[in-house]
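> Before I ask anything, let me first share the structure, which is written out below as structure tokens.
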Amino acid sequence: MSDSSNQIEICFEINGRQVTQTVPVRMHAADFLRHQIGLTGTHLGCEQGICGMCTISVDDRPVKSCLMLAVQLDGAKVRTVESLAPDETELHPLQAAFKRHHALQCGFCTPGFLMLARSFAGRRMNRAEIAEEISGVLCRCTGYEGILRAIEEWLPGTWTDASLSDEAGQ
Amino acid sequence: MTVVHKTVMESGTAIGQALARKEDDRLLRGGGLYVDDACALRQFAMAVARCPFPHARIRHLDVRAAAALPGVVHILTGTEVQCLTNPITVLRPVPGAPMLPYYALAQEYALHEGHAVVSIVAQSRAVAEDAIELLEIDYEPLPHVTDMTRVLDPDAPVLHPQIMTSNLMASKTDYSGNPRAKLAEAALVDYDRFFVNRVAPLSMEPRGVLASWRSGARELDFRSSTQVPHLVRKQLAEALRLDEGAIRVVASDVGGAYGMKLGLFPEELLAAVHAMHLGHPVKWIEDRMEYFRASTHGRESFHDMTIGTDDQGRILAIINEYTNDIGAWNSPFGSSQLSSVTFTGPYHVPDAQVCRHVVLSNKTPIGAYRGYGQPEVNFAREVLLDRVARKLDISPLDIRRRNLLRPEDLPWRTPSGAVYDNGDYLRPLEMLAGATDYEAHFDRPRRPRADGRIVGIGLSSFVERTGYASARFLARRGSHFGAHESVTLRANRSGGIDLYTGVSTCGQGNETAFAQICAAVTGVHYDAIRVHAGDTAQSPLNTGAFASRTLIAAAGALKQAGDAFRDKTLRIAAMVLQISPEDLSIAKGLVHSVREPDRTITLVDVFNRAITGQGIPEGLEPGLETTAHFEPPEASFSFGSAAAVVAVDPETGDFDIERFVFVHDCGVAVNPLLVEGQVRGALVQGLGAALSEELRYDRETGQLINGSMMDYFALTCSDVPKIELMHTEIPSDVTTFGVRGVGEVGTIPPAAAVANALCDALRDYGVAFSALPLTPETVWRALQNVRNKGETP
Ligand code: FES
Ligand code: FES
């Protein structure tokens with residue numbers, strides 16, 4: 001089977017932008033976002049649903065995009081790490097917390113953690129609960145401590161007006 | 001620890017501050033540039049067909065059906081590879097070992113599961129993978145050996161019979177004093193064989209390459225996920241029979257490496273050969289299944305360890321004979337040698353002997369991996385030392401107190417010839433004893449708590465060799481690289497510095513640390529320094545980011561280049577301001593008079609004068625650019641002690657690590673934030689290897705049993721115990737600024753600390769552990785063993 005056969009047109013929203021595009025039916029969502037939409041912030045580490053590098057937000061839920069076909073994005077509202085920061089100079093509060101707490105080294109896992117943690121906005125979670133929930137993403141560099149500290153620090157700020165502060169500008 | 005904000009930072013005092021990292025903004029925004037994020041116009045994709053057997057002869061190979069698949073553009077087999085390339089050269093040969101010609105594709109024989117046999121380039125990776133399914137390869141499976149204790153058996157198949165008569169690559173003995181005579185005098189001699197598990201370095205970014213060939217220019221542009229761009233360039237030139245000048249290697253962001261990405265891999269070479277043939281860019285991105293079978297693994301070894309002491313527990317001699325199983329080939333970086341350097345650990349042992357054997361087996365090659373020999377031997381020595389203490393009825397704390405090297409013993413030469421620099425090895429141990437209330441714990445009976453668990457504390461003391469002791473030392477061992485680092489500082493018209501280094505960005509924060517040192521030396525603001533890393537076309541020749549050596553060597557280069565840069569800046573400013581250079585200082589983008597701070601000139605002005613050559617002192621060369629190479633005179637040793645506090649259920653063997661305390665000295669910390677990150681990351685890798693990671697081969701089929709992310713258990717966030725860090729900071733007297741390396745140290749003590757803690761908790765049961773990983777099942781089995789012998793309390 002060659003790539004040009006079996007393409008389907010899909011229409012979806014990516015980081016606030018409406019896109020209509022033809023996709024090969026056998027391509028997974030992460031490959032599609034990376035190589036056809038050009039959003040390379042979403043990474044791949046296993047294509048097996050384990051490492052979490054490919055975590056994105058689909059209809060406001062965190063999803064491992066290697067386990068999803070591109071065609072399944074049809075009609076969805078998709079967000080990737082590129083959508084977080086409001087502009088070139090300012091970081092999203094979660095990103096800023098990651099930076100303050102040295103929550104990244106090589107940075108390959110970072111988009112996955114950010115997109116997963118972002119979905120915690122408004123929730124009350126203690127350290128152990130955060131640790132449990134982020135265990136779907138692996139990090140081989142940091143030992144996780146900085147990541148935990150960053151999320152712990154950022155989370156309370158989302159409790160009062162979670163939907164406003166976290167979703168601003170998107 | 002949180003980051004110091006840049007506004008409170010004066011450029012001149014940037015060493016020692018927890019500055020925010022230069023790397024972070026792009027990586028947080030998804031703007032990193034890992035290999036698969038770059039693409040070239042009309043690039044093709046490569047996929048590799050791999051041998052499914054641990055050992056096989058390739059009887060027949062037919063690629064016609066694959067070649068006929070629409071979209072397939074080029075296929076390479078072993079035969080073409082042998083014509084078109086030289087074998088991949090080894091960067092660090094095993095001393096005394098024969099050279100094994102390592103071609104990018106299997107020749108007649110495939111020697112491990114995952115050995116590359118055919119590579120296919122097509123319009124897309126999917127098509128290339130479809131084409132692999134159409135290959136007709138007739139394998140004749142051959143007898144194999146994957147058990148490292150059996151590779152030298154008379155009936156074991158020899159992997160490289162054309163070159164070797166057995167699977168023994170090399171043996172080497174180092175000794176000092178007369179350890180055998182001392183053992184004969186010893187009041188107590190204890191011995192055991194310790195098994196260290198084969199593990200995966202497991203960078204989250206797998207390997208990858210994008211190779212482009214400009215045919216008219218005959219130039220190869222090579223983007224790779226590597227720690228050593230300049231060394232990869234050297235190996236590419238040798239393998240492709242090209243001038244080095246024709247090759248540019250670029251490593252932008254590297255998604256984790258940990259020693260594994262040290263040198264040219266077969267698949268990378270294949271991509272280059274395809275690209276040169278096609279005149280089209282070729283990309284290969286490793287998938288995780290390939291990663292587990294065809295990158296390099298780490299660690300696997302067994303150590304026969306003997307310790308003899310007097311009746312007070314003073315060590316009289318240590319003898320360590322060990323075997324490193326390096327798999328089917330000497331990978332580019334070869335076998336670890338650091339077990340031989342650090343086998344006596346932080347202890348005063350004048351009489352000691354170490355013997356290393358390097359053997360081959362039908363498994364994936366072993367390469368460098370964080371710690372590289374040091375965690376292995378530390379496990380064996382520290383566990384055996386605790387057994388000695390128990391037999392002599394001395395506490396594990398006291399036996400370490402009695403044997404640790406004292407400041408006045410340093411510098412200390414080990415049997416391998418390595419020299420430990422200055423330090424105070426006792427202090428971290430005492431801090432640890434205080435933090436864990438060790439002595440009170442030790443005297444308490446080991447009774448189960450209300451939850452049925454018994455608490456134990458285990459200690460593990462260590463040294464870490466960081467950096468290399470000079471190029472002369474490396475030359476004696478036949479290494480094809482030096483001990484130096486280099487850096488170029490170039491003034492730009494905006495009043496800033498472009499800093500060029502061949503060290504690629506793999507996560508350690510080198511862009512940050514380099515800029516911090518550069519700011520401290522030159523006075524140019526941290527924010528005005530832009531680091532350009534990992535591009536051979538831009539950077540001066542260097543060595544690379546490995547062996548915890550980068551900063552040790554680079555600090556010296558940055559100091560020299562920075563001093564020269566500052567001198568010239570001041571000379572130009574002195575002419576303009578009519579003030580002598582000694583009375584000038586650089587801060588906040590200005591050169592100003594020390595006495596009259598209002599008399600200033602901007603760096604923009606000074607740098608523009610230098611760049612144009614207009615308005616500079618008579619006789620001064622135009623331009624403002626300095627390059628320095630620095631080779632540290634000696635390696636430096638980090639040191640410390642760690643403790644694990646475990647709670648174990650004596651019925652089921654289930655256990656938790658309730659605390660892990662790590663006290664350590666890495667000399668002067670350029671950036672405490674980076675140091676903490678390095679230490680924590682390495683500790684968690686060390687704990688993973690101690691608790692759950694192991695690559696297992698099926699003895700019958702010789703195949704990797706758990707070669708996928710689903711079956712290989714790296715620690716997740718909820719698996720990581722509470723880790724407490726403490727530091728002492730004794731500047732090294734052999735390095736610039738007193739720094740010691742820090743990248744690998746965390747991998748060293750965890751396994752022994754956990755094993756010792758389990759033994760301590762279960763001391764009334766008399767269990768012993770001598771193999772990794774330590775799982776609840778291991779503990780349960782050990783308890784069952786004791787119970788079956790009827791020795792339980
Ligand atoms: S790449 Fe999707 S979970 Fe690993
Ligand atoms: S920062 Fe490297 S894997 Fe997490």
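The values are calculated or read from the model by the stated rules, or taken from the named source; none is laboratory data. Everything numeric in this text was worked out from a predicted model, so none of it was measured. Note that each Cβ is placed from the backbone with ideal geometry, even for glycine, and that neighbours are counted across all protein chains shown. When the accessible area is computed, the model is the full protein with side chains, heavy atoms only, and any ligands, DNA or RNA have been set aside. Shrake-Rupley method; radii C 1.70, N 1.55, O 1.52, S 1.80 Å.
> Scan the range B:94-127 for residues that are of a type in the set (D, E, K, R) and more than 14 Å from chain A (Cβ to nearest Cβ) and jot them down.
The answer is B:E108, B:E113.
> Ok, one more. Taking A:G107 as the residue in question, decide whether it is within 16 Å of ligand 1 (Cβ to nearest atom), closer than 17 Å to A:L44 by Cβ, surrounded by 24 or more Cβ atoms within 10 Å (Cβ to Cβ) and free of Cβ contacts under 8 Å to residues at least 60 places away in the same chain.
Here the answer is yes, as A:G107 does meet what is asked.
> Any idea which residue in the range A:18-54 is farthest from ligand 1 (Cβ to nearest atom), counting only those that are under 11 Å from the mean Cα position of the chain (by Cα) and within 18 Å of B:R26 (Cα to Cα)?
Filtering the range A:18-54 for residues that are under 11 Å from the mean Cα position of the chain (by Cα) and within 18 Å of B:R26 (Cα to Cα), the one farthest from ligand 1 (Cβ to nearest atom) comes out as A:G41.
> For the subset of the range A:38-63 comprising residues that are more than 11 Å from chain B (Cβ to nearest Cβ) and away from ligand 2 (no atom under 16 Å from the Cβ), which member is surrounded by the most Cβ atoms within 10 Å (Cβ to Cβ)?
A:S57
> Let me ask something else about it. Going by what's in this entry, would B:A771 be described as under 28 Å from the mean Cα position of the chain (by Cα), at pLDDT 95 or above and surrounded by fewer than 21 Cβ atoms within 10 Å (Cβ to Cβ)?
yes
> Can you spot a residue in the range B:682-690 that is open to solvent by 10 Å² or more (accessible area, probe 1.4 Å), within 21 Å of B:F379 (Cα to Cα), more than 9 Å from chain A (Cβ to nearest Cβ) and in a helix (DSSP H, G or I)?
Taking every residue of the range B:682-690 in turn, at least one turns out to be open to solvent by 10 Å² or more (accessible area, probe 1.4 Å), within 21 Å of B:F379 (Cα to Cα), more than 9 Å from chain A (Cβ to nearest Cβ) and in a helix (DSSP H, G or I).
Here is a yes/no grid of residues against (1) open to solvent by less than 20 Å² (accessible area, probe 1.4 Å); (2) more than 16 Å from ligand 2 (Cβ to nearest atom):
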residue	(1), (2)
B:G263	yes, yes
B:E268	yes, yes
B:A275	yes, yes
B:G279	no, yes
B:V282	yes, yes
B:I285	no, yes
B:Y291	yes, no
B:D304	no, yes
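> Still on this structure, I have one more. Is it fair to say B:D764 is free of Cβ contacts under 8 Å to residues at least 12 places away in the same chain and open to solvent by 40 Å² or more (accessible area, probe 1.4 Å)?
Spelling it out, it is not the case that B:D764 is free of Cβ contacts under 8 Å to residues at least 12 places away in the same chain and open to solvent by 40 Å² or more (accessible area, probe 1.4 Å).
> When you go through B:V670, B:V720 one by one, which is the residue that is at pLDDT below 95 and either under 20 Å from the mean Cα position of the chain (by Cα) or more than 16 Å from ligand 1 (Cβ to nearest atom) (or both)?
Step by step, each of B:V670, B:V720 is checked, and only B:V670 is at pLDDT below 95 and either under 20 Å from the mean Cα position of the chain (by Cα) or more than 16 Å from ligand 1 (Cβ to nearest atom) (or both).
> Just need a number here: residues in the range B:507-538 that are open to solvent by 10 Å² or more (accessible area, probe 1.4 Å), assigned to a loop (DSSP other than H, G, I, E, B) and within 16 Å of ligand 2 (Cβ to nearest atom).
Adding up the residues that qualify gives 1.
> Next question, about the same structure. Does at least one position in the range B:475-489 carry a residue that is free of Cβ contacts under 8 Å to residues at least 24 places away in the same chain and either assigned to a strand (DSSP E or B) or of a type in the set (A, V, I, L, M, F, W, C) (or both)?
yes
> Given the condition part of a helix (DSSP H, G or I) and within 30 Å of B:P375 (Cβ to Cβ), answer yes or no: does some residue in the range B:544-551 qualify?
yes
> Let me ask something else. Considering (1) in contact (Cβ under 8 Å) with a residue 24 or more places away in the chain; (2) open to solvent by less than 30 Å² (accessible area, probe 1.4 Å); (3) within 14 Å of another protein chain (Cβ to nearest Cβ), say which one B:C717 fails and leave the rest.
(1)
> Could you check A:L91 against (1) surrounded by 14 or more Cβ atoms within 10 Å (Cβ to Cβ); (2) touching a residue at least 60 places away in the same chain (Cβ under 8 Å); (3) more than 16 Å from ligand 2 (Cβ to nearest atom) and say which number it fails?
Just one mismatch for A:L91, condition (2).
> May I pose another question? Quick one: count up the residues across the range A:64-88 that are open to solvent by less than 30 Å² (accessible area, probe 1.4 Å), away from ligand 1 (no atom under 16 Å from the Cβ) and part of a helix (DSSP H, G or I).
Within the range A:64-88, residues that are open to solvent by less than 30 Å² (accessible area, probe 1.4 Å), away from ligand 1 (no atom under 16 Å from the Cβ) and part of a helix (DSSP H, G or I) number 1.
> Please tell me if B:L558 is open to solvent by less than 10 Å² (accessible area, probe 1.4 Å) and not charged (D, E, K, R).
Criteria met by B:L558.
> Answer yes or no as to whether B:L541 is closer than 26 Å to B:G245 by Cα, within 38 Å of the chain's Cα centre (by Cα), among the aliphatic types (A, V, I, L, M) and assigned to a loop (DSSP other than H, G, I, E, B).
Judged against the criteria, B:L541 is a match.
> In addition: Please specify each residue of the range A:118-135 satisfying the condition of being within 16 Å of ligand 1 (Cβ to nearest atom) and open to solvent by less than 10 Å² (accessible area, probe 1.4 Å).
Within the range A:118-135, A:I134 is the sole residue that qualifies.
> From the list B:V151, B:V199, B:V189, which residue is within 14 Å of chain A (Cβ to nearest Cβ), away from ligand 1 (no atom under 16 Å from the Cβ), among the β-branched types (V, I, T) and farther than 30 Å from B:F44 by Cβ?
Of B:V151, B:V199, B:V189, the one residue that is within 14 Å of chain A (Cβ to nearest Cβ), away from ligand 1 (no atom under 16 Å from the Cβ), among the β-branched types (V, I, T) and farther than 30 Å from B:F44 by Cβ is B:V199.
> Another question about this same structure. Part of a helix (DSSP H, G or I), farther than 29 Å from B:P95 by Cα and open to solvent by 10 Å² or more (accessible area, probe 1.4 Å): does that describe B:R400?
The answer is no for B:R400.
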